[in-house]
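Chemist: The structure that follows is given in the form of structure tokens.
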Amino acid sequence: MNKKVADIAGIGIGPFNLSIAALLKEIPAAEAVFFERKPRFDWHPGLMFREARMQTSFLKDLVTAVRPTSPYSFVNYLVNTGKFYPFLSASVETVGRQEFTDYMGWVTSQLDTLRFGTDVQELQFVDDHFLVRTSTGAVRARNVSLGSGRIPHIPEAVASVVGDRCFHAINILARKTNLAGARVAIVGGGQTGAEVFLNTVRNHWGTPREVLWVSRRLNFEPLDETPFTNELFMPDYVRMFHTLDAGRRRALVEQQKLAGDGISPSTLREIYRELYELRVSGDPKEVSLLPARDMIEVQKNGEELGITTHNRLDGSRERHTVDAIILCTGFVERLPAYLEPLQSRLHLDEHGRLQLGRAFDVQWDGPPDNRIYGLNLGRYSHGIAESQLSLAAWRSGVIINHLLGRPIFDVDASAGFVRWGSASEPQRQAFGA
Ligand SMILES: Cc1cc2nc3c(=O)[nH]c(=O)nc-3n(C[C@H](O)[C@H](O)[C@H](O)COP(=O)(O)OP(=O)(O)OC[C@H]3O[C@@H](n4cnc5c(N)ncnc54)[C@H](O)[C@@H]3O)c2cc1C
């Protein structure tokens with residue numbers, strides 16, 4: 001085992017820990033190491049449709065919000081890869097997800113603190129440090145950051161039939177999906193549901209006979225990208241949100257679903273045009289759009305799947321028979337298995353979620369100088385921006401300031417127009433370091 005004790009060990013190299021790794025690079029005194037089980041950087045490869053676009057601005061990259069002069073910005077990537085002028089000329093509204101992945105891969109290629117092909121199996125606390133046990137050996141660290149992502153959400157109604165014919169979309173591009181001649185239900189009215197629906201009606205996996213798109217939402221609704229909704233993705237809102245009581249926070253997260261989880265308006269337009277073209281061309285496949293439906297039961301009848309839905313508008317029950325169900329039902333926070341040895345020491349809420357302090361520090365009964373930072377684990381403590389890139393660089397700045405005990409990054413620089421709470425100033429200072 002390496003006897004050195006790192007200042008911080010990061011578990012998982014998705015965008016969020018990668019942002020911390022990129023910002024830490026300018027502080028050579030801080031010893032950091034990050035682990036990723038995949039052999040190289042990749043970003044949700046199973047959902048990387050060729051035409052998929054980012055839902056956030058390229059300025060919301062790994063570093064710019066707190067260090068615009070960082071060499072790891074998206075703009076520097078454009079310059080270094082010879083794309084700056086063509087990028088401007090292309091006048092794209094949003095960057096393609098493949099290009100943003102390439103940008104993040106370009107950042108990883110310049111950082112020497114990242115260890116790919118290394119699965120973290122256990123996190124223990126021994127004496128005055130964490131012991132990170134991995135598939136390639138153990139490492140000691142004074143602090144850790146948990147960035148191992150969220151897991152696919154499988155609705156209860158389908159749990160018993162999940163298999164080859166009913167599966168989560170997470171790996172749809174990696175699996176051998178054949179929908180030729182099939183009746184298919186796509187479940188979920190968010191961006192992934194929209195992209196899977198569009199590709200299904202475009203015969204990406206063969207020509208289906210029938211396509212149903214089922215969503216609980218009252219319609220196929222757009223992501224709200226209007227200015228005052230965007231203020232929910234600013235530091236001031238997060239600071240205020242964290243001061244609210246748990247019940248209020250939960251209610252707000254539910255109310256604000258469409259702000260962070262709707263369908264890009266451009267995708268909605270594309271879908272509508274595609275449906276129009278299908279009608280004009282007399283395409284024989286049957287397409288049914290079924291919003292406002294709760295999926296209450298799914299039964300396997302031989303090779304077929306019977307779905308019962310409840311129509312939230314007229315209260316009726318409907319039955320559908322399909323050959324395949326594709327679940328685009330999102331992701332949920334989970335306590336990673338590697339936390340098992342620490343579980344009894346972690347402060348959890350009544351839903352089993354980690355309690356996070358203002359600086360994303362997990363509340364636990366260990367020494368105050370040994371921090372566990374939780375990334376993408378604070379939707380109910382810090383708000384809906386938590387699972388998005390919007391504030392990823394800002395959150396990294398808050399965490400690094402807290403870790404090193406000094407304000408290295410200015411995390412208070414940018415203020416919005418809305419005054420959310422009555423105590424904005426003290427809240428700001430508390431987040432500074
Ligand atoms: C298809 C899709 C598109 C999205 N597009 C946008 C967008 O346009 N804009 C936006 O703001 N947000 C977007 N999001 C939301 C969010 O930004 C991403 O989900 C983001 O990837 C979350 O980053 P993360 O670092 O928390 O987790 P992840 O990206 O999931 O990374 C976690 C990493 O941890 C690794 N890991 C897990 N367990 C271990 C272990 N035990 N040991 C080692 N490694 C481990 C995993 O292999 C994985 O690589 C999108 C989400 C999806 C699913």
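The values are calculated or read from the model by the stated rules, or taken from the named source; none is laboratory data. Fair warning: this is a prediction, and the values are worked out from it, not measured in the lab. Here Cβ is always computed from backbone atoms with ideal geometry, including for glycine, and neighbour counts include all displayed protein chains. Quick note on the areas: whole protein, heavy atoms, side chains included, nothing else; ligands and nucleic acids left out. Shrake-Rupley method; radii C 1.70, N 1.55, O 1.52, S 1.80 Å.
Chemist: Regarding Phe241, is this residue touching a Gly at 6+ places or on another chain (Cβ under 8 Å), more than 16 Å from the ligand (Cβ to nearest atom) and not assigned by TED's automatic domain parsing to the domain that holds Leu377?
Modeler: Yes.
Chemist: Does region 367-374 contain any residue that is modelled with pLDDT of 95 or more, touching a strand residue (DSSP E or B) at 6+ places or on another chain (Cβ under 7 Å), more than 30 Å from Asn230 (Cα to Cα) and not in a loop (DSSP other than H, G, I, E, B)?
Modeler: Checked against the condition, which is being modelled with pLDDT of 95 or more, touching a strand residue (DSSP E or B) at 6+ places or on another chain (Cβ under 7 Å), more than 30 Å from Asn230 (Cα to Cα) and not in a loop (DSSP other than H, G, I, E, B), region 367-374 yields no hits at all.
Chemist: Please go through region 221-233 and give me each residue that is touching a strand residue (DSSP E or B) at 6+ places or on another chain (Cβ under 7 Å) and open to solvent by less than 30 Å² (accessible area, probe 1.4 Å), ordered by number.
Modeler: Leu223
Chemist: Now for a different question. What single numbered condition from (1) open to solvent by less than 30 Å² (accessible area, probe 1.4 Å); (2) in a loop (DSSP other than H, G, I, E, B) fails to hold for Ser381?
Modeler: (2)
Chemist: If a residue has to be more than 16 Å from the ligand (Cβ to nearest atom) and among the small types (Gly, Ala, Ser) to count, how many in region 174-209 make the cut?
Modeler: Total meeting the criteria: 5.
Chemist: Same structure again: For residues in region 19-43 being in contact with a strand residue (DSSP E or B) (Cβ under 8 Å, 6 or more places away or on another chain) and more than 15 Å from Thr118 (Cβ to Cβ), which is surrounded by the fewest Cβ atoms within 10 Å (Cβ to Cβ)?
Modeler: Glu31
Chemist: Could you check region 115-130 and list, in sequence order, the residues that are surrounded by fewer than 19 Cβ atoms within 10 Å (Cβ to Cβ) and more than 12 Å from the ligand (Cβ to nearest atom)?
Modeler: Gln124, Phe125, Val126, Asp127, Asp128 - these are the residues of region 115-130 that are surrounded by fewer than 19 Cβ atoms within 10 Å (Cβ to Cβ) and more than 12 Å from the ligand (Cβ to nearest atom).
Chemist: Shifting gears a bit: Evaluate the following for Arg50: is it within 27 Å of Ile151 (Cβ to Cβ), open to solvent by 70 Å² or more (accessible area, probe 1.4 Å) and more than 10 Å from the ligand (Cβ to nearest atom)?
Modeler: It is true that Arg50 is within 27 Å of Ile151 (Cβ to Cβ), open to solvent by 70 Å² or more (accessible area, probe 1.4 Å) and more than 10 Å from the ligand (Cβ to nearest atom).
Chemist: State all residues of region 176-199 that are within 23 Å of the chain's Cα centre (by Cα), over 30 Å from Phe417 (Cα atoms) and among the polar types (S, T, N, Q); if no residue qualifies, say none.
Modeler: Listed by number, the residues that qualify are Thr192, Asn199.
Chemist: Quick one: would you say Val79 is surrounded by fewer than 21 Cβ atoms within 10 Å (Cβ to Cβ), under 30 Å from Arg269 (Cα atoms) and out of contact with any Gly (no Cβ under 9 Å at 6 or more places or on another chain)?
Modeler: no
Chemist: Going by what's in this entry, would Gly105 be described as in contact with a Lys or Arg (Cβ under 9 Å, 6 or more places away or on another chain), in the same structural domain as Thr134 (by TED's automatic domain parsing), open to solvent by less than 60 Å² (accessible area, probe 1.4 Å) and over 21 Å from Pro336 (Cβ atoms)?
Modeler: In short, yes.
Chemist: So which of Ile400, Ile408, Ile307 is part of a strand (DSSP E or B) and open to solvent by less than 50 Å² (accessible area, probe 1.4 Å)?
Modeler: Ile307
Chemist: Turning to a different aspect of this structure: For region 312-364, which positions are among the β-branched types (Val, Ile, Thr) and more than 30 Å from Trp394 (Cβ to Cβ)?
Modeler: Thr321, Val322, Ile325, Ile326
Chemist: Can you tell me how many residues within region 310-347 are within 16 Å of the ligand (Cβ to nearest atom), of a type in the set (A, V, I, L, M) and open to solvent by less than 60 Å² (accessible area, probe 1.4 Å)?
Modeler: 6
Chemist: Pick from Ala292, Ala251: which is open to solvent by less than 50 Å² (accessible area, probe 1.4 Å), of a type in the set (Gly, Ala, Ser) and more than 24 Å from the chain's Cα centre (by Cα)?
Modeler: So the residue among Ala292, Ala251 that is open to solvent by less than 50 Å² (accessible area, probe 1.4 Å), of a type in the set (Gly, Ala, Ser) and more than 24 Å from the chain's Cα centre (by Cα) is Ala292.
Chemist: Something else now. Picking from Asp236, Asp261, Asp164, Asp245, which residue would you name as being buried (at least 21 other Cβ atoms within 10 Å of the Cβ) and not β-branched (Val, Ile, Thr)?
Modeler: Answer to the check: Asp236.
Chemist: If you scan region 54-102, which residues turn out to be more than 20 Å from Ala21 (Cβ to Cβ), away from the ligand (no atom under 16 Å from the Cβ) and of a type in the set (Gly, Ala, Ser)?
Modeler: Within region 54-102, Gly82, Ser89, Ala90, Ser91 qualify.
Chemist: Helices (runs of 4 or more DSSP H) wholly in region 11-92 with at least 2 residues that are hydroxyl-bearing (Ser, Thr, Tyr) and modelled with pLDDT of 95 or more - which ones?
Modeler: It comes to 84-90.
Chemist: Continuing with the same structure: For region 141-149, state whether one or more residues are without any contact (Cβ under 8 Å) to a residue 12 or more places away in the chain, outside any loop (DSSP other than H, G, I, E, B) and not acidic (Asp, Glu).
Modeler: For region 141-149, residues without any contact (Cβ under 8 Å) to a residue 12 or more places away in the chain, outside any loop (DSSP other than H, G, I, E, B) and not acidic (Asp, Glu): absent.
Chemist: How about region 363-378: which of its residues are open to solvent by 30 Å² or more (accessible area, probe 1.4 Å) and out of contact with any helix residue (DSSP H, G or I) (no Cβ under 8 Å at 6 or more places or on another chain)?
Modeler: Gln363, Pro367, Pro368, Asp369
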